[in-house]
Amino acid sequence: MPIPRAIRRLPFLLPVLLAPAAAWADAHDYRYDTVHSQVVFSIDHDGYSRPFGRLRIARGWLSFDADDWSRSATALDIDLSSVDMGDAKWNAAVCGASLLDCGHDRYAHFASTSVERTDATHGVLHGTLTLHGASRPLDIPFRLNRLGRTLYGLHTVAGFSATATLDRTAFGIGAFPNSIGHGVSMWLEIEAIRDDHARTHHGTTP
């Protein structure tokens, strides 16, 4: 029985059909989408509540290898002066010298040291956070939500959700110990747009 022509051509078509999937196997650079990315934090207020605040990512880049996450890396700056607690006077107090001291150290800087994949969609980003003049290790568990083209094919976007916790006193922010908690909980909703020039055009502060 003759082999249909379409089947005979399959070995030659496979490389073409698989080319898009293979393209994802390399690490690509992305710039952080500062509009669609959110950094939210919460801290205890004298035992009454845990108010939420928001911070803005100023700039940064992400290199992500969907096939081998250990080849991925990132660096970003968070603009502390963008702090939003929902009240102008409260914002000014948090930004003051006794707390974030935004006038002296405006940016918090995070740089990864390694990326660990724990299952198909989850991993841990290991790195160093520099805040208030102090640098400390920080581990950030995260989930890869989606990697793909936008609806109209304008961009390739990588989306992540992440959480982190830190002790503010480890960064020398010890004011008001009896009314403000030490532990800070953080949530990050991140979108990054593929950009081969991200490290050059969206680099971070030293």
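The values are calculated or read from the model by the stated rules, or taken from the named source; none is laboratory data. Computed from a predicted structure; not experimentally measured. Quick reminder, even Gly has a Cβ in these numbers, built from the backbone with ideal geometry, and neighbours come from all protein chains shown.
Does S98 meet the test of being in a strand (DSSP E or B) and of a type outside the set (K, R)?
no
Any idea which of (1) surrounded by 12 or more Cβ atoms within 10 Å (Cβ to Cβ); (2) outside any strand (DSSP E or B) is the one F142 doesn't satisfy?
All conditions are met except number (2).
Which ones in region 172-206 are part of a loop (DSSP other than H, G, I, E, B) and more than 17 Å from L76 (Cβ to Cβ)?
Listed by number, the residues that qualify are G172, I173, G174, A175, F176, P177, N178, S179, D196.
Sort out which residues of region 55-90 are surrounded by fewer than 18 Cβ atoms within 10 Å (Cβ to Cβ) and touching a Gly at 6+ places or on another chain (Cβ under 9 Å), and write them in order of number.
Answer for region 55-90, where residues must be surrounded by fewer than 18 Cβ atoms within 10 Å (Cβ to Cβ) and touching a Gly at 6+ places or on another chain (Cβ under 9 Å): S81, D84, M85, G86, W90.
Of everything in region 26-50, what is among the acidic types (D, E), assigned to a strand (DSSP E or B) and closer than 17 Å to H155 by Cβ? Give them in sequence order.
Matches in region 26-50: D29 only.
Can you confirm whether G53 is out of contact with any Leu (no Cβ under 7 Å at 6 or more places or on another chain), closer than 30 Å to D195 by Cα and part of a strand (DSSP E or B)?
Yes.
Residues in region 170-206 that are touching a Lys or Arg at 6+ places or on another chain (Cβ under 9 Å), more than 26 Å from H104 (Cα to Cα) and surrounded by 17 or more Cβ atoms within 10 Å (Cβ to Cβ): how many?
Residues flagged as touching a Lys or Arg at 6+ places or on another chain (Cβ under 9 Å), more than 26 Å from H104 (Cα to Cα) and surrounded by 17 or more Cβ atoms within 10 Å (Cβ to Cβ) within region 170-206 amount to 5.
Only one of these is surrounded by 18 or more Cβ atoms within 10 Å (Cβ to Cβ) and touching a strand residue (DSSP E or B) at 6+ places or on another chain (Cβ under 9 Å): V35, V39. Name it.
V39
Name the pairs whose Cβ atoms lie under 6 Å apart, with the first residue in region 125-150 and of a type in the set (F, W, Y) and at pLDDT 95 or above, the second assigned to a strand (DSSP E or B) and surrounded by 17 or more Cβ atoms within 10 Å (Cβ to Cβ), and 6 or more positions between them or separate chains?
Qualifying pairs under 6 Å: F142/G123; F142/L125; F142/F160; F142/A162.
Between A93, A111, A58, which is hydrophobic (A, V, I, L, M, F, W, C) and not in a strand (DSSP E or B)?
Step by step, each of A93, A111, A58 is checked, and only A93 is hydrophobic (A, V, I, L, M, F, W, C) and not in a strand (DSSP E or B).
T169 versus (1) part of a helix (DSSP H, G or I); (2) under 20 Å from A58 (Cβ atoms): which is the lone unmet condition?
The number of the failed condition is (2).
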